[in-house]
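Data first, discussion second: the structure below is written as structure tokens.
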Amino acid sequence: MRICRSFYAIMVCLVLLLNMNVIQAEIRWDMPTPYSDSTFHTKNIRLFADEVLKATHNELNITVHSAGSLIKHPEIKKSVRRGIVPIGEVLISRLSNEDSFFALDSIPYLATDYQQARKLWQASREKTEVKLAKQGLKLLFSVPWQPQGLFAKKKIKAVIDLQGLKLRVYNKYTERLAQLLQAVPTQIEAADIATAFSTGRVDSMITSPATGANTKAWDFLSHYHHFQAWIPKNMVFVNAKQFSKLTKENQAAILIAAKKAEERGWEMSEQESNKKVAIMKANGLKIIYPSSKLHSELSYVGHVMTEEWLKEVGSEGKRTLALFK
């Protein structure tokens, strides 16, 4: 009988251990993202999810829901913060409506190449992490878009040519830019760009070569002005409470995968820049480089927006720009 009891106890322990492994294997995180599967950001995130699954020995499975199919872009941060989903991706400057600090990488002619963009991110990352942490969010990684340019139905020779154009914008600061250029700002998500142009809601846009190529801008526009005016970034963050519930080993695995995704994402962005411009040119878009007059006018607008940003953000903005410079 004693042997039977011992055997029974061993079997119970084995069953419990098996059940624990099953429970761990069934940890599933839904991850909403705003952009389509053809976007390099989404491709990078899918690689990140695969690496997390492998590194956690199949204990954490992140299911990526792209193109706003699960949760629309404006609601992603709120949904992660409330725990509706544990992880998500947003354009950083989308959050400038709640805190102007998040608009830093959307100020024209502040950081116009990847080297400058990296320095700007290094200068602002810690402050970004602190701001997210206060809202129960943990930053995992950030990846830039390509330098932003102007798509239009005609060649833009000077700022005056932009007056009255219905300009697609995607955050508070691109809206402000449109106002300073005397264009008519209209907020449109990337997934809705083609429809917006076909219905006449907009007739120009400022965005990246990747978005221009992925939306086949040559179907409804004729000119791409390669301004390289600024380099906005996306970021991926996780609900801090959900993160803390994971084992220490799995937390470490996610952070390692996140660091790798950030490094890979910056490389992907830079590689795609010239590639996407070439694709647009091959499909008939005229690639225009700004004249010295237009560059000077746009640089002045960037100066105005920098001063406005500093007034809104205050001392923390001054410290961040001091670190950057």
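The values are calculated or read from the model by the stated rules, or taken from the named source; none is laboratory data. These figures come from a predicted structure and were not determined experimentally. Backbone-built Cβ (ideal geometry, glycine too); neighbour counts: all protein chains shown. Just so you know, the surface numbers come from the protein's heavy atoms only, side chains and all, with ligands and any DNA or RNA stripped out. Shrake-Rupley method; radii C 1.70, N 1.55, O 1.52, S 1.80 Å.
Taking 51 Å as R0, compute the FRET efficiency from the Cβ-Cβ separation of SER291 and ARG28 and round it to 0.05.
0.45
Which of LYS72/LYS259; LYS245/LYS311; LYS127/LYS241; LYS153/LYS276 have a Cα-Cα distance over 30 Å? Working shown, then result.
Values: LYS72/LYS259 26 Å; LYS245/LYS311 40 Å; LYS127/LYS241 20 Å; LYS153/LYS276 19 Å.
Long pairs (Cα-Cα over 30 Å): LYS245/LYS311.
When the accessible area of the stretch 128-212 is split by element with a 1.4 Å probe, what percent falls to carbon and sulfur?
Details: 1510 of 3070 Å².
It is 49 percent, rounded to a whole number.
Radius of gyration and Dmax for the stretch 46-179's Cα atoms, expressed in Å?
Radius of gyration, then largest Cα-Cα span, for the stretch 46-179: 17.7, 58 Å.
For the chain, what are the DSSP H helices with axial Cα length of 30 Å or more and mean Kyte-Doolittle hydropathy of at least -1.0? Numbers along the way, then the final one.
Details: long enough: 2-25 (35 Å, 1.45); 248-282 (50 Å, -0.80); 292-313 (31 Å, -0.36).
Long hydrophobic helices here: 2-25, 248-282, 292-313.
VAL130 to GLN271: FRET efficiency via 1/(1 + (r/R0)^6), r the Cβ-Cβ distance, R0 35 Å, to the nearest 0.05?
0.65
Not counting ligands, DNA or RNA, and with a 1.4 Å probe, what is GLU297's accessible surface area in Å² rounded to the nearest 10?
Approximately 50 Å² for this residue.
Restricting to the chain, what percent of DSSP beta bridges are antiparallel, rounded to 5?
Restricted to the chain, the bridges split so that about 55 percent are antiparallel.
Relative to the compact-globule scaling 2.2 N^0.38 Å, provide the ratio for the alpha-carbon radius of gyration of the chain.
1.16
Mind putting a number on the dipole of the chain about its Cα centre? Charges go on the C-beta only, +1 for Lys and Arg and -1 for Asp and Glu, and I need it in Debye to the nearest 20.
Dipole magnitude for the chain comes out near 240 debye.
For the stretch 215-325, build the charge dipole from Cβ charges (+1 Lys, Arg; -1 Asp, Glu) around the Cα centre, then report which of ALA322, GLN228, ILE256 sits farthest towards its positive end.
Looking along the dipole axis, the top candidate is ILE256.
Taking LYS134 as the anchor, which aspartates and glutamates have their alpha carbon closer than 19 Å to its alpha carbon, excluding any fewer than eight residues away along the same chain?
Here the aspartates and glutamates satisfying the reach criterion relative to LYS134 are GLU75, GLU89, GLU98, ASP99, GLU126, GLU316.
Could you work out the relative contact order of the chain? I mean the mean sequence separation of Cα pairs under 8 Å and 6+ apart, divided by the number of residues, in percent. Spell out each step's value before the answer.
Details: 547 pairs, mean separation 78.6, N = 325.
Computed over the chain, the figure is 24 percent.
Give me the extension gain from ILE256 to LYS281: residue separation times 0.36 nm, minus the current Cα-Cα distance, reported in nm with one decimal. Walk me through the numbers on the way to the answer.
Working: separation 25, 0.36 × 25 = 9.00 nm, distance 3.81 nm.
Difference between extended and current length: 5.2 nm.
Quick check for you: with a 1.4 Å probe and neighbouring chains kept, what is the accessible area per residue of the chain, in Å²? Before the final figure, lay out the partial values.
Details: 15700 Å² over 325 residues.
Spelled out: the 1.4 Å probe surface of the chain, per residue, equals 48 Å².
Along the Cα→Cβ direction, 7 angstrom out, place labels at HIS57 and LYS311. What is the inter-label distance in nm?
Here the answer is 5.9 nm between the modelled labels.
Could you look at the stretch 235-319 and say what percent of its accessible area is carbon and sulfur, using a 1.4 Å probe and all protein chains?
Solvent-exposed carbon and sulfur of the stretch 235-319 make up 54 percent of the total.
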